[in-house]
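The values are calculated or read from the model by the stated rules, or taken from the named source; none is laboratory data. Here the structure is a predicted model, which means the values were calculated and not measured. Note: ideal-geometry Cβ built from the backbone for every residue, glycine included; neighbour counts use all protein chains shown. For accessibility, only protein heavy atoms count, side chains too; no ligands or nucleic acids. Shrake-Rupley method; radii C 1.70, N 1.55, O 1.52, S 1.80 Å.
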Amino acid sequence: MDIMRDANALSAAGEDIMRLEVGQPALAAPDEIRKAAAHALEADRLAYTDALGMPALKARIARHYQETYGHGPDAADVIVTPGSSGGFILSFTACFETGDKVGLAEPGYPAYRNILKALGVEAVGIPVGPETGWQLTVDLVQEAEKKHGPLAGIMVASPANPTGTMQSPETLGALIADCEAHERWFISDEIYHGITFNQRAVSAAGKGDHVIVVNSFSKYYCMTGWRLGWLAVPPRVTRTIERLAQNLFISAPSLSQIAAMAAFDAQPELDRRVAGYARNRNILLEGLPEVGITHIAPADGAFYLYADVSNLTDDAIGFCKRMLHEAKVAATPGLDFDPVRGHKFVRFSYAGAEADMAEAVRRLKAWL
């Protein structure tokens, strides 16, 4: 957040900053989505919806799972949320009690541990690295339980933020089976599904009685500011989450829900944007090693590169501040994602314009 704040201030002062720190698409939502919203503003009352979401949108999301993965929840067990952030709050509150322990891969998205902490739940960081493809495995979870005691759940992201790495179908299946056997919650963050490069993402939706999937319209659908996401949950927690949703949020924004109905018809345009991310990814994968940044996690999905910069610095925060002010390139220090080892890592986002990626590499070459 400090880097983003400084980058915003420099941009406001007229500096030309290459924004590789922000994890959001540079382009607006596709025309179909914005046209649906404009029509709704004129024609719809935009009142509260059901706490679980508009029935038509819930049904369309359920259909999306069948069309994309061949399996998934019934519409009744789809819960529309105020962004994936609302989904994390609802699922964590429904599944965990004060004092429970939940296993998280480190590095990982910092909001997981911060929301859990706010709820009085202990986030147990499980270090991951190249030896497991930067993802959790059954062995790592079992080792964590030996060290920290029983886990009430684990949180898995595939593709992951910040690494861009993905679970294989085999590893994902093994983790779900292990959680089912131990009655441990398996919460799967799938908000970067649709943005993959070397393999198709596998969804955990509907694959167990202890499985909850969190997804969002923010990333693939380019609707970050619309604040709309969803959960796919087992039927036994639907009523609990409905009660929580009604009391915490009343409902997700009705305008965003109406617009999101059109998002599923925008796939050709959205896939062209993913092809643009792939070009950006290639620019950085080719350019960063030329400036001495050679150890990068496999970037199989999402729009991030997680790079080991220990040959250049042991202070990622200071490194990113100097890079911003001297090279005019903004990136995110790894300590946001890994409080133990993150001082040696930097995350680069390639969700921006292709020309910006090339310019960022040029500036880093000059700087380093």
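At-a-glance table
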read-out: Test: residue in region 356-365 that is outside any helix (DSSP H, G or I), surrounded by fewer than 23 Cβ atoms within 10 Å (Cβ to Cβ) and among the small types (G, A, S); value: no
read-out: Members of region 326-351 that are part of a loop (DSSP other than H, G, I, E, B) and either out of contact with any helix residue (DSSP H, G or I) (no Cβ under 7 Å at 6 or more places or on another chain) or of a type in the set (S, T, Y) (or both); value: D338, P339, V340, R341, Y350
read-out: Among (1) under 22 Å from T68 (Cβ atoms); (2) out of contact with any strand residue (DSSP E or B) (no Cβ under 9 Å at 6 or more places or on another chain) - the single one H182 does not satisfy; value: (1)
read-out: Among residues of region 100-148, those that are open to solvent by 60 Å² or more (accessible area, probe 1.4 Å) and either polar (S, T, N, Q) or in contact with a Cys (Cβ under 9 Å, 6 or more places away or on another chain) (or both), counted; value: 2
read-out: Selection count where residues are within 21 Å of S216 (Cα to Cα) and at pLDDT 95 or above, scope region 1-24; value: 1
read-out: Matching residues in region 119-131 - criterion: being free of Cβ contacts under 8 Å to residues at least 40 places away in the same chain and in a strand (DSSP E or B); value: E122, A123, V124, I126
read-out: Residue match in region 307-321 (condition: in contact with a Gly (Cβ under 9 Å, 6 or more places away or on another chain), under 18 Å from A7 (Cβ atoms) and outside any helix (DSSP H, G or I)); value: no
read-out: Breaking point among (1) modelled with pLDDT of 95 or more; (2) open to solvent by 40 Å² or more (accessible area, probe 1.4 Å), for R200; value: (1)
read-out: Members of region 158-175 that are touching a Phe, Trp or Tyr at 6+ places or on another chain (Cβ under 6 Å) and not small (G, A, S); value: P159, N161, P162, T163, T165
read-out: Flag for D315 being surrounded by fewer than 17 Cβ atoms within 10 Å (Cβ to Cβ), acidic (D, E) and more than 22 Å from the chain's Cα centre (by Cα); value: yes
read-out: Yes/no for D77 being farther than 22 Å from T224 by Cβ, surrounded by 14 or more Cβ atoms within 10 Å (Cβ to Cβ), touching a helix residue (DSSP H, G or I) at 6+ places or on another chain (Cβ under 6 Å) and among the acidic types (D, E); value: yes
read-out: Residue list for region 14-56, filter: open to solvent by 80 Å² or more (accessible area, probe 1.4 Å), over 25 Å from L231 (Cβ atoms) and over 21 Å from the mean Cα position of the chain (by Cα); value: D16, D31, R34, K35, H39, L41, E42, R45
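Residues are listed down the side, and each one gets a yes or a no for (1) of a type in the set (S, T, Y); (2) over 30 Å from P333 (Cα atoms); (3) surrounded by fewer than 18 Cβ atoms within 10 Å (Cβ to Cβ):
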| site | (1), (2), (3) |
| --- | --- |
| A245 | no, yes, no |
| R273 | no, no, no |
| I293 | no, no, no |
| D300 | no, no, no |
| S310 | yes, no, yes |
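Matching residues to (1) part of a loop (DSSP other than H, G, I, E, B); (2) at pLDDT below 95:
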site	(1), (2)
A26	yes, yes
A29	yes, no
K35	no, no
H39	no, no
I61	no, no
Y65	no, no
